[in-house]
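Engineer: Take this structure, written in structure tokens, and hold onto it; I'll ask about it next.
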Amino acid sequence: MKPGRYEDAINLLFRCDQTITLRMNRTLRWRAVCPFFRVVSKLGNGRLWYGLMIGLAIFHGWYGVQAAIHMGLTALFTLVVYRSIKGYTQRPRPGAVHDAIQQGTSALDEYSFPSGHTMHAVAFTLVASTWFPALLLPLWIITLLIAMSRVILGLHYPTDVVLGALFGTLISMISLLLVTI
């Protein structure tokens, strides 16, 4: 690439990121959108995943316990990666940069990149559905809603969510390669 083209491509990506975030965030004007996605976001804080791990352990015996342990260890590794990347990149949240973006709920931390909710949701979904294939569709629906909630609520840009999903996929794939089911 010629000098300047790289910067032009990055600037275009940032403008697209901002435009998509603003458009999705505008849906908060609709009465039911904000409360719905706040609930989805809160589920993505861990409540859903911890509940799933406990339920698997209770209702599926030793096999469920093994799955829950696998999910928990994957989550711990995901947390370390997530915090390391956020601490390094320190990308401000959309609402901190753009006055037109309304933050629909409180953020868990100061920075935007990557979306930890999305990273964890993808990692949990891939690990849980490998152990229990019947969970695949419902967990992917929830994961998609969690990812959408992060942009709609003005907490993340789409690139935060997409790269969070990619990191979650990579971490879960490594985790699944290390564990024989």
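The values are calculated or read from the model by the stated rules, or taken from the named source; none is laboratory data. The structure displayed is predicted, hence computed values, not measured ones. Don't worry about glycine lacking a Cβ; one is built from the backbone with ideal geometry, like all the others, and counts go over all protein chains shown. All accessible areas refer to the heavy atoms of the entire protein, side chains included, with ligands and DNA or RNA removed. Shrake-Rupley method; radii C 1.70, N 1.55, O 1.52, S 1.80 Å.
Engineer: Semi-axes of the equivalent ellipsoid for the range 28-88, please: Cα gyration tensor eigenvalues, times 5, square-rooted, ordered largest first, whole Å.
Structural biologist: 28, 20, 5
Engineer: Take every Cα-Cα distance within the range 71-138, group them into 10 Å bins from 0 onward, and report for each bin the whole-number percent of pairs it holds.
Structural biologist: Result returned by the calculation: 19, 39, 27, 14, 1.
Engineer: Taking a point 7 angstrom from the Cα of A134 along the C-beta vector, which residues in the range 51-67 have backbone N less than 18 Å away?
Structural biologist: In the range 51-67, the label zone of A134 (backbone N under 18 Å from the point 7 Å along Cα→Cβ) covers 52-67.
Engineer: Right, here's the next one. Which of the DSSP-defined H helices in the chain satisfy a minimum axial length of 15 Å, computed from C-alpha atoms, and a minimum mean Kyte-Doolittle hydropathy of 0.0?
Structural biologist: The answer, listed by residue number, is 48-59, 61-89, 116-131, 136-152, 158-178.
Engineer: Something else now. Could you work out [θ]222 nm for the chain from helices alone, using -39500 (n - 2.57) per DSSP H run of at least four and dividing by all its residues? Round to the nearest 500 deg cm²/dmol.
Structural biologist: Rounded to the nearest 500, the figure is -24000 deg cm²/dmol.
Engineer: Further, regarding this structure: log₁₀ I(q)/I(0) of the range 88-181 at q = 0.12, 0.18, 0.23 Å⁻¹, via Debye over equal Cα point scatterers, no solvent, to two decimals?
Structural biologist: -0.40, -0.78, -1.07
Engineer: On to the next question. With the full set of protein chains in place, find how many percent of the accessible area of the chain is carbon and sulfur; take the probe as 1.4 Å.
Structural biologist: That share works out to 69 percent.
Engineer: Please compute the per residue accessible area over the chain with all protein chains in place, 1.4 Å probe, rounded to a whole number of Å².
Structural biologist: Here the per-residue accessible area is 56 Å².
Engineer: Enter the Cα centre distance for the pair the range 27-105 and the range 139-156, rounded to the nearest angstrom.
Structural biologist: 9
Engineer: For the residue pair I141 and V65, what label-to-label distance in nm results when each label sits 7 Å from Cα along the Cα-to-beta-carbon direction?
Structural biologist: Roughly 3.2 nm, to one decimal.
Engineer: Scattering from the C-alpha atoms of the chain alone, worked out with Debye: what is log10 I(q)/I(0) at q = 0.08, 0.14, 0.18 1/Å?
Structural biologist: Calculated log10 I(q)/I(0) at the listed q: -0.27, -0.77, -1.12.
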